[in-house]
Amino acid sequence: MQKWSLCRAGALCFHCWDDGAVVFDRFSGDTHHVGPLAIELLLSLERIPEMSLQALLDDFDDVFSDSQNGLTVIKEALLQLEALGLVKRIPV
């Protein structure tokens, strides 16, 4: 099983609205516009530095009624955040 974490702890600054947020990466100097799920995933990973997909899904148990669909949605969001250089996979 693999876990996910932020690429650089403490490097992200957030400004949130109801429908999304901007994330500034102090390390790279990049700013990204992300949706509500992405910001919640980043905040979860900031709170707990290494989390599995299942642990992240458990954080969102009130959002997803179908756990298989929830895992798919969360994984897709993490892959997008990984492409932006905000999160990384940690092999276990």
Compute the acute angle (0 to 90°) between the alpha-carbon long axis of helix 67-83 and the principal axis of greatest extent of the alpha-carbon atoms of the chain; round to the nearest 10°. 20
Take every Cα pair under 8 Å in the stretch 1-88 that's 6+ residues apart, average their separations, divide by the length, and report that relative contact order as a whole percent. 34
Accessible area per residue, Å², the chain with all protein chains present, probe 1.4 Å: 59
Share of carbon and sulfur in the accessible heavy-atom surface of the chain [1.4 Å probe, %]: 53
How large is the accessible surface of Val92 in square angstrom, using a 1.4 angstrom probe and rounding to the nearest 10? 130
What angle do you read, to the nearest 10 degrees and between 0 and 90, between the alpha-carbon axis of helix 36-47 and the longest principal axis of the chain? 80
Out of the chain, which chymotrypsin sites (Phe, Trp or Tyr not before Pro) are coil in DSSP terms and have no more than 14 other C-beta atoms within 10 Å? Phe27
Given that just one value was derived from the coordinates, which of (i) 13.5, 46; (ii) 12.5, 37; (iii) 19.8, 63 is Rg and Dmax of the Cα atoms in Å? (ii)
Environment charge of Ser5, counting only residues whose C-beta is closer than 13 Å and scoring Lys/Arg +1, Asp/Glu -1: +2
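The values are calculated or read from the model by the stated rules, or taken from the named source; none is laboratory data. Given the structure is predicted, the values throughout are model-derived calculations rather than measurements. Here Cβ is always computed from backbone atoms with ideal geometry, including for glycine, and neighbour counts include all displayed protein chains. Just so you know, the surface numbers come from the protein's heavy atoms only, side chains and all, with ligands and any DNA or RNA stripped out. Shrake-Rupley method; radii C 1.70, N 1.55, O 1.52, S 1.80 Å.
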